[in-house]
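Novice: Just dropping this structure here.
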Amino acid sequence: MSTYRLMISTPDGRIFNEQAVALIVRAAEGDMAVLAGHVPMMTTLRPGACRIELPNGKTRQGRLDNGFLTVGKDEVILLSSTFEWVEEG
C-alpha cells in the first residue's frame, strides 16, 4: 500500500504530520481524493468534511473551513483557517 506524507496546518499550528494512504476533501470543483502518485497540483478547499485513511487501516475524520491544498511528489499540504477532529463514538 503506497503512502505519502500529509501535513495539515492552521494559523494555530500543525494539526497532523504523518503518513497517509488517502485524503478525501471538498475542493473548488467538488469532492476529490488524493492517493500516492497523484499528479502535482494546487487547489482551493471549501468548508466541509475531511477524511484521512491511514496505513494501519484506520480512518480519521475532521472538519475544515476554507483553505488550500498542495499536492507534491511525496507530500501533501493542507492549509486551513480552522480544522477540528470529529470524534467517533
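All of the numbers you see were taken from the coordinates with simple rules; none came from a lab. Just so you know, these numbers come straight off a predicted model, no measurement behind them. Neighbour counts are summed over all protein chains in view; Cβ atoms, including those assigned to glycine, are modelled from backbone coordinates with ideal geometry.
Novice: Of the residues that make up the range 33-51, is at least one surrounded by 12 or more Cβ atoms within 10 Å (Cβ to Cβ), among the aliphatic types (A, V, I, L, M) and not in a strand (DSSP E or B)?
Specialist: Yes: the range 33-51 contains one or more residues that are surrounded by 12 or more Cβ atoms within 10 Å (Cβ to Cβ), among the aliphatic types (A, V, I, L, M) and not in a strand (DSSP E or B).
Novice: Scan the range 52-75 residue by residue and report those that are surrounded by fewer than 18 Cβ atoms within 10 Å (Cβ to Cβ) and either of a type in the set (Phe, Trp, Tyr) or assigned to a strand (DSSP E or B) (or both). Full working, then the answer.
Specialist: Let us first name the residues in the range 52-75 that are surrounded by fewer than 18 Cβ atoms within 10 Å (Cβ to Cβ), namely 54-61, 63, 65-66, 68, 70, 72-75.
Thr59, Arg60, Gln61, Arg63, Phe68, Thr70, Glu75 - these are the residues of the range 52-75 that are surrounded by fewer than 18 Cβ atoms within 10 Å (Cβ to Cβ) and either of a type in the set (Phe, Trp, Tyr) or assigned to a strand (DSSP E or B) (or both).
Novice: Can you work out which of the residues in the range 1-32 that are of a type in the set (Ser, Thr, Tyr) and more than 21 Å from Glu84 (Cβ to Cβ) is surrounded by the most Cβ atoms within 10 Å (Cβ to Cβ)?
Specialist: We begin by selecting, within the range 1-32, every residue of a type in the set (Ser, Thr, Tyr); these are 2-4, 9-10.
Then keep just the ones that are more than 21 Å from Glu84 (Cβ to Cβ); that gives 2-4.
Working: Ser2: 10, Thr3: 16, Tyr4: 20.
For the range 1-32, the residue satisfying everything is Tyr4.
Novice: Name, by its number, the condition in (1) within 13 Å of Ser9 (Cα to Cα); (2) over 12 Å from the mean Cα position of the chain (by Cα); (3) without any contact (Cβ under 8 Å) to a residue 60 or more places away in the chain that does not hold for Ser81.
Specialist: Exception for Ser81: condition (3).
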